[in-house]
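A quick write-up on the structure given underneath.
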Amino acid sequence: MSSREPQSSSETVNVSLGTAGLLGLQEVAQDALPTAAYLMVGGRCLRDCAFCAQARTSQARADALSRIVWPPHDLDLTITRLREAREAGRLRRCCLQVTTAPGYLAQAERVLRRIRQASDIPLSVSAHARSLQDVRRLLDAGADRLGLALDAATPEVALAAKGPGWAQALDLLESAARAYPGRVSTHLIAGLGEQEREMVRLFQRLAEQGITIGLFAFTPVPGTALERRQPPALASYRRLQAARHLIQLGLVRAADMRFGEDGAIAHLGGAPSALRQALADGQAFRTSGCPDCNRPYYNERPGGVMYNYPRPLHPAEIAEAIALALAAPARDVSQGERLG
Ligand code: SF4
């Protein structure tokens, strides 16, 4: 420990393994470095989302979130390393994940203030807010962006995976976006039982309000209620990634798209050549969300099927992803239904 590093305050924060490696808090072999630092506070959650390792009844590791391990590290040391990595240009954002445990909001405010006092790093916080007042507290504590996770695409899917409250969460998300334009993100998980059509309809609604969408692929985590559920089909996820990207860029509207009887995207609503050109840089298939959020291996294993690329895609990967996204599941697109 160098002379500049602070005396340990023994308060700890959970640090994603990749982030701990980047900050030099522990040795971690990794082929895709995080461009944002991912920290977590709160501990076991009072809520009980069926897909989440931190859920109240989850039997998953206490230091897991999605398939990632978040070992505890000294808060002061972590913040010092974060400031140094920011100054060295190795980090472009910090994201504080907050589980809904007793006193979570006050704890989140305290940690956000500590980070803000130490560094000008762009700061996101992903937490459960109950009101606009909660939203204001988190932003006043130093966050420049707030993530209010909807997770599910419909009230019915949410009820099965998370319990009641989806409509209120959407309402607060939209109110926060009106009150703090350009500073609000949400998380949506593909593969919880929704139809692609339902996800696309929500993409359009959120995009029209300037809400940034962080798209996740459902990932079965051992010890959670959904540990036996399969991840979404890659082709379906590629279609959704393309739809989200094209809608958020305003290049197509959900109403222009066509859907098969099963609600799968049959046509992305543009001329194939124009769609190929719009997707040619591969950006659509990279991790989406706040600027500089790349969440390496949040939904996939190294060397496994890549849902969200945490880095620029190689040309062959782009070609493969576009082929999957544009391969219409329905044979005759003209028969595909439009958005109801
Ligand atoms: S999109 Fe990324 S940076 Fe933003 S709240 Fe979600 S995990 Fe954090």
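Using a cut-off of 11 Å between beta-carbons, work out the net charge of the residues near L91 (Lys and Arg +1, Asp and Glu -1, L91 not included).
My count for the surroundings of L91 gives +3.
For the chain, what % of the accessible area comes from carbon and sulfur atoms, probe 1.4 Å?
51 percent
Counting DSSP beta bridges with both partners in the chain, what percentage is antiparallel, nearest 5?
Rounded to the nearest five, the antiparallel share is 30 percent.
Select from F285, G142, L159 the residue farthest towards the positive end of the dipole of the chain; place +1 on Cβ of Lys and Arg, -1 on Cβ of Asp and Glu, and compute about the Cα centre.
Towards the positive end, the residue furthest out is G142.
How much area per residue is accessible in the chain when the probe is 1.4 Å and only protein heavy atoms are counted (Å²)?
That works out to 43 Å² per residue.
Rounded to the nearest 20 Debye, what is the dipole magnitude of the chain about its Cα centre when Lys and Arg each give +1 and Asp and Glu each give -1 at the C-beta? Each step should come with its number before you reach the end.
Details: 40 positive and 34 negative charges, 67 e Å.
With Lys and Arg at +1 and Asp and Glu at -1, about 320 debye.
So, with +1 on the Cβ of K and R and -1 on the Cβ of D and E, and no other charges, what is the size of the charge dipole of region 1-146 about its Cα centre, to the nearest 20 debye?
380 debye
Taking every eigenvalue of the Cα gyration tensor of region 1-146, multiplying by 5 and rooting it, what semi-axes result, largest first, whole Å?
Values: eigenvalues 108, 72, 38 Å².
After scaling each eigenvalue by five and taking roots: 23, 19, 14 Å.
I'd like to know which of V184, Y38, L240 lies farthest towards the positive end of the charge dipole of the chain, counting +1 on Cβ of Lys and Arg and -1 on Cβ of Asp and Glu.
So the residue we want is V184.
Can you give me the distance in nm between label points at D31 and R178, each placed 7 Å from the Cα along the Cα-to-Cβ direction?
About 4.8 nm, to one decimal.
Normalise the Debye intensity by I(0) for the chain, one equal point scatterer per Cα, no solvent, then take log10 at q = 0.09, 0.10 Å⁻¹ and round to two decimals.
-0.47, -0.58
Springs between alpha-carbon pairs under 10 angstrom, Gaussian network model over the chain: which of Q30, Q54, Q195 fluctuates most?
Checking each option, the largest mean-square fluctuation is seen for Q30.
The values are calculated or read from the model by the stated rules, or taken from the named source; none is laboratory data. The shown structure was predicted, so the numbers you read here are calculated from the model rather than taken from an experiment. For neighbour counting, all protein chains shown are included, and Cβ atoms are generated from backbone atoms with ideal geometry for every residue, glycine included. What goes into the accessible areas is simple: the full protein's heavy atoms, side chains included, and nothing from ligands, DNA or RNA. Shrake-Rupley method; radii C 1.70, N 1.55, O 1.52, S 1.80 Å.
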